[in-house]
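Have a look at the structure below, then the notes.
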Amino acid sequence: MPKRGKRYKEAAAKYEKANLYDTEEAMKLVVETSKAKFDETIEAHIKLGVDGRHADQQVRGAIVLPNGTGKSKKVLVFAKGPKAAEAEAAGADYVGAEEMAQKIQTENWFDFDVVVATPDMMGVVGRLGKILGPKGLMPNPKSGTVTMDVEKALKEIKAGKVEYRLDKSNIIHTPIGKASFGAEKLGENFNALMEAIVKAKPAAAKGQYLRSVTVSATMGPGIKVNPALIQF
């Protein structure tokens, strides 16, 4: 067992570990238990009753959180010609084509958080699959990062768009904001995310869909939200 620091123990004393809380109470507690000296990121961890190894049980998508994430994201856009100009005008941090792919391959360059690509550039980007894929950076049509509407994609990402998808344990891990947002804004972001995930339930999913839902600050304990109370 890892040794827990004084702040963590003080935070954990504020709630009952075994309890399941409603969303409002959980958001209050996750803010109260955020004790670090920096503005901690609040994350939601949602275990689903699906088997992501099957294509018809995959859960993946993206949503613009109503209050943003509290973090500005650097965006790399793979585009040429007018679409490259559109990306630059829309506020992309980096724009390019083959030269950007080469920079990633030869210099191990990763000074970006999101990759957007126009469909015609996927031949170039596809060669980076083994590098970008494990880092969760590969553009995907389902998350709106493979698109001809580069301006819209950039606007949404800069406004606080987050991607959600299953890990190997069928759990979704997604940031919902910063502790400084306060309980109300975090609750709005959390509800928007949960509504999207509930609507994304695969037809092939059987039994209980929301198995467990937990929210936590970067350095704080996990607060359990009652899945039975999450309905849209």
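Structural remarks
- Some residue of segment 134-142 being farther than 16 Å from Ile63 by Cβ, in contact (Cβ under 8 Å) with a residue 24 or more places away in the chain, in contact with a Ser or Thr (Cβ under 7 Å, 6 or more places away or on another chain) and open to solvent by 90 Å² or more (accessible area, probe 1.4 Å): no
- Among residues of segment 36-80 being outside any loop (DSSP other than H, G, I, E, B) and open to solvent by 50 Å² or more (accessible area, probe 1.4 Å), the one that is farthest from Asp93 (Cα to Cα) is Asp56.
- Some residue of segment 116-139 being within 17 Å of the chain's Cα centre (by Cα) and assigned to a strand (DSSP E or B): yes
- Listed by first and then second residue, the pairs linking a residue in segment 84-99 that is more than 15 Å from Ser72 (Cα to Cα) and part of a loop (DSSP other than H, G, I, E, B) to a residue that is at pLDDT 95 or above and open to solvent by 60 Å² or more (accessible area, probe 1.4 Å), with Cβ atoms under 6 Å apart and 6 or more places separating them unless they lie on different chains, are Ala97/Lys80.
- Residue list for segment 20-35, restricted to those being open to solvent by less than 70 Å² (accessible area, probe 1.4 Å) and within 15 Å of Pro227 (Cβ to Cβ): Tyr21, Thr23, Ala26
- Residue among Val150, Val115 that is at pLDDT 95 or above, touching an Asp or Glu at 6+ places or on another chain (Cβ under 7 Å) and under 23 Å from Gly96 (Cα atoms): Val150
- Output for segment 200-232, where each listed residue is open to solvent by 40 Å² or more (accessible area, probe 1.4 Å) and of a type outside the set (Gly, Ala, Ser): Lys201, Lys206, Gln208, Arg211, Thr218, Met219, Lys224, Leu229, Gln231, Phe232
- Here segment 157-199 is the region considered, the condition is being open to solvent by less than 50 Å² (accessible area, probe 1.4 Å) and over 15 Å from the mean Cα position of the chain (by Cα), and the residue that is nearest to Ala117 (Cα to Cα) is Val198.
The values are calculated or read from the model by the stated rules, or taken from the named source; none is laboratory data. The structure presented is a predicted model; accordingly, all values stated were derived computationally and were not measured. In this analysis, Cβ positions are derived from the backbone assuming ideal geometry, glycine residues included, and neighbour counts consider all displayed protein chains. With ligands, DNA and RNA removed, areas are computed over all heavy atoms of the protein, side chains included. Shrake-Rupley method; radii C 1.70, N 1.55, O 1.52, S 1.80 Å.
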